[in-house]
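Q: Could you have a look at this structure, given as structure tokens, before my questions?
The values are calculated or read from the model by the stated rules, or taken from the named source; none is laboratory data. Just so we're clear, the structure is a prediction, and the values are computed from it rather than from any experiment. Please note that ligands, DNA and RNA were not included when accessible areas were found on the heavy atoms of the full protein model with its side chains. Shrake-Rupley method; radii C 1.70, N 1.55, O 1.52, S 1.80 Å.
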Amino acid sequence: MDIVHEDETEPVEAVPGVHLTQEAAGEETSVQGFTIAPGAEVPVHSHEHEQAGVITQSTLTFLVDGEELLVHEGDSYVIPGGEPHAARNDTEVPVEGYDIFSPPRLNPDWQD
């Protein structure tokens, strides 16, 4: 069993106001933490990985197929691989949560 301790991870600012942390990763899945500052946006993107996540603080607005979808604290979601999506924080507090990717997303572009 592999354990990744919180003090072993270092947040990276992927885009302004969006901090991502590579957490544990295995052969089939990987975990990524995120914090999105008030007013910050994740631009439209897609990737091969199925992405499942949970919001642990605040509310995140996803944009999928021209539709705005609100995901509140305690809610979870799944985004199929290849589906274009974006997100933004329309609240006054940071959005925090975790994403799980399958297959593992070990070297995402934001780590470069």
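Q: Please report the carbon-and-sulfur percent of the accessible area for the chain; probe 1.4 Å, protein heavy atoms only, DNA, RNA and ligands left out.
A: Ligands and nucleic acids excluded, carbon and sulfur reach 49 percent.
Q: Go through ASP65, ASP75 and list them by solvent-accessible area, largest first, probe radius 1.4 Å. Don't jump to the answer; show the numbers that get you there.
A: Numbers: ASP65 135, ASP75 55 Å².
Highest to lowest solvent-accessible surface, that is ASP65, ASP75.
Q: Then there is this: Where the centre of each part is set by its Cα atoms, how far does segment 35-112 sit from segment 8-30, in angstrom?
A: Distance between centres, Cα-based: 12 Å.
Q: Write down the accessible area per residue of the chain in Å², having rolled a 1.4 Å probe over the full set of protein chains. Please report the intermediate quantities before stating the final value.
A: On the way: 6710 Å² over 112 residues.
It amounts to 60 Å² per residue over the chain.
Q: Which number comes out as Rg/Rh for the chain once both Rg and the Kirkwood Rh are worked out on C-alpha atoms? Walk me through the numbers on the way to the answer.
A: On the way: Rg = 13.3 Å, Rh = 14.2 Å.
On the Cα set of the chain, Rg over Rh gives 0.94.
Q: A follow-up question, please. Please report, in whole Å, how far the alpha carbons of segment 54-95 spread along each principal axis, starting with the longest.
A: On the principal axes, segment 54-95 reaches 29, 17, 12 Å in Cα extent.
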